[in-house]
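Report on the structure given below.
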Amino acid sequence: MKIDPESYREFFAGRTLVLGTKHKKEDVIAPILERELGVRVVVPDNFDTDQFGTFTREIARTGNQLEAARRKAAAAMELLGADLSLASEGSFGPHPDIPFIPSNLELVLLVDRKHGFEIRGHHRSEEANAASASVSSVAEARQFAEKIGFPGQGLVVRRDEHRNQDIFKDISSYEELEEKVSYLLSKFLVHKVYLETDLRAHANPLRMKNIGLAAEDLIKNIKSTCPECATPGFVIVDTVRGLPCQLCGQETDLALAVIRECQKCGSRRRDPHPEAKTSADPVMCGYCNP
Ligand SMILES: [Zn+2]
Ligand SMILES: [Zn+2]
């Protein structure tokens, strides 16, 4: 069967896609989806994403990043009675391959109930504006704020790192920042107050950029269609190791191939690993270099 490379558009063109966000993510996501898929993106009024967890930890996120995105997508869809939804979920933590380097992982998840599939896109970046400081004066607060790029980058002022009261967000100027810091220092007679970069998308320009890149990755995955049934999202589900050693030909632990699979009809295909060379450096061989 010959599949038209533009066939993915037939799945989406003219449909309404619900984007559940209250942090302006539509600014970077909607133009990409509308251009590439021909959908109309709508953002529900008063969609409270805080119920799924906050970065400032008043509400803990339950489950992992993907589960959180699924819940968000489902809630947004139900709110508007739609059958197509997209949710975005970010996380911050150490880079999995480079210890001690902070990183930001952005996930976008498209859920299509009409056709019965979901497709992900993601982007990991070491450019993560996640920083914090305990300060004991207005001058120290100002110093930290300048370092992280406030007010373009948002800042949260709180009494301490763990307590869920006395948290100030959406501070827009240095005057306001100084006022909140002085207030906390004098009201509670504490020696230090806690500042952290605001990780919500609208207050974090680097995150916003990474969300846009995750949306581009989603489009790439959508455009990869099943060679049997043309369903979008024919993506890598597994990696096969065993790239042969250049010297002795034995299998190494390096990636050799990838397996792509269709969620709809289950058709699978093995392709060469996108980054694999034809053979492995003997340094990586258990026989040549034990
Ligand atoms: Zn298929
Ligand atoms: Zn070898």
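Give me the residue from region 221-237 that is within 11 Å of ligand 1 (Cβ to nearest atom) and small (Gly, Ala, Ser) and, out of that set, nearest to Leu256 (Cα to Cα).
Gly233
Restricting the search to region 148-207, which residues are of a type in the set (Gly, Ala, Ser) and under 20 Å from Lys24 (Cβ atoms)?
Gly149, Gly152, Gly154, Ser172, Ser173, Ala201, Ala203
State which residue is nearest to the chain's Cα centre (by Cα) when the search covers only region 259-290 and only residues that are surrounded by fewer than 14 Cβ atoms within 10 Å (Cβ to Cβ), farther than 24 Å from Phe234 by Cα and more than 9 Å from ligand 2 (Cβ to nearest atom).
By that ranking, first place goes to Thr278.
Give all pairs with beta carbons closer than 7 Å in which a residue from region 214-235 that is over 18 Å from Gly38 (Cα atoms) meets a residue that is within 16 Å of ligand 1 (Cβ to nearest atom) and among the β-branched types (Val, Ile, Thr); count only pairs at least 6 apart in sequence or on separate chains.
Pairs that qualify, where the first residue is over 18 Å from Gly38 (Cα atoms) and the partner is within 16 Å of ligand 1 (Cβ to nearest atom) and among the β-branched types (Val, Ile, Thr), are Pro227/Ile3; Phe234/Thr225.
How many residues does region 222-245 hold that are farther than 30 Å from Glu118 by Cα and either touching a helix residue (DSSP H, G or I) at 6+ places or on another chain (Cβ under 6 Å) or assigned by TED's automatic domain parsing to the domain that holds Glu118 (or both)?
Of the residues in region 222-245, 1 are farther than 30 Å from Glu118 by Cα and either touching a helix residue (DSSP H, G or I) at 6+ places or on another chain (Cβ under 6 Å) or assigned by TED's automatic domain parsing to the domain that holds Glu118 (or both).
In region 218-244, how many residues are buried (at least 17 other Cβ atoms within 10 Å of the Cβ) and outside any loop (DSSP other than H, G, I, E, B)?
Looking only at that region, the number is 8.
For Gly266, are the conditions met, namely being away from ligand 1 (no atom under 16 Å from the Cβ) and either touching an Asp or Glu at 6+ places or on another chain (Cβ under 7 Å) or free of Cβ contacts under 8 Å to residues at least 40 places away in the same chain (or both)?
It is false that Gly266 is away from ligand 1 (no atom under 16 Å from the Cβ) and either touching an Asp or Glu at 6+ places or on another chain (Cβ under 7 Å) or free of Cβ contacts under 8 Å to residues at least 40 places away in the same chain (or both).
For region 31-43, which positions are part of a loop (DSSP other than H, G, I, E, B) and either exposed (fewer than 15 other Cβ atoms within 10 Å of the Cβ) or at positive phi (or both)?
Gly38
For Ala215, indicate whether it is buried (at least 17 other Cβ atoms within 10 Å of the Cβ), under 28 Å from the mean Cα position of the chain (by Cα) and either hydrophobic (A, V, I, L, M, F, W, C) or closer than 30 Å to His115 by Cβ (or both).
Yes; evaluated as a whole, the condition is true for this residue.
Among the residues of region 245-275, write down those that are in contact with a His (Cβ under 9 Å, 6 or more places away or on another chain) and in a strand (DSSP E or B).
Ala255, Leu256, Ala257, Val258, listed by residue number.
Which one is farthest from ligand 2 (Cβ to nearest atom) among residues in region 227-244 that are under 22 Å from Ala280 (Cα atoms) and in contact with a Leu (Cβ under 9 Å, 6 or more places away or on another chain)?
Thr239
The values are calculated or read from the model by the stated rules, or taken from the named source; none is laboratory data. Note that the structure is predicted; figures quoted are calculated from it, not measured. Because the Cβ atoms are built from the backbone with ideal geometry, glycine has one as well, and the counts that use them run over all protein chains shown.
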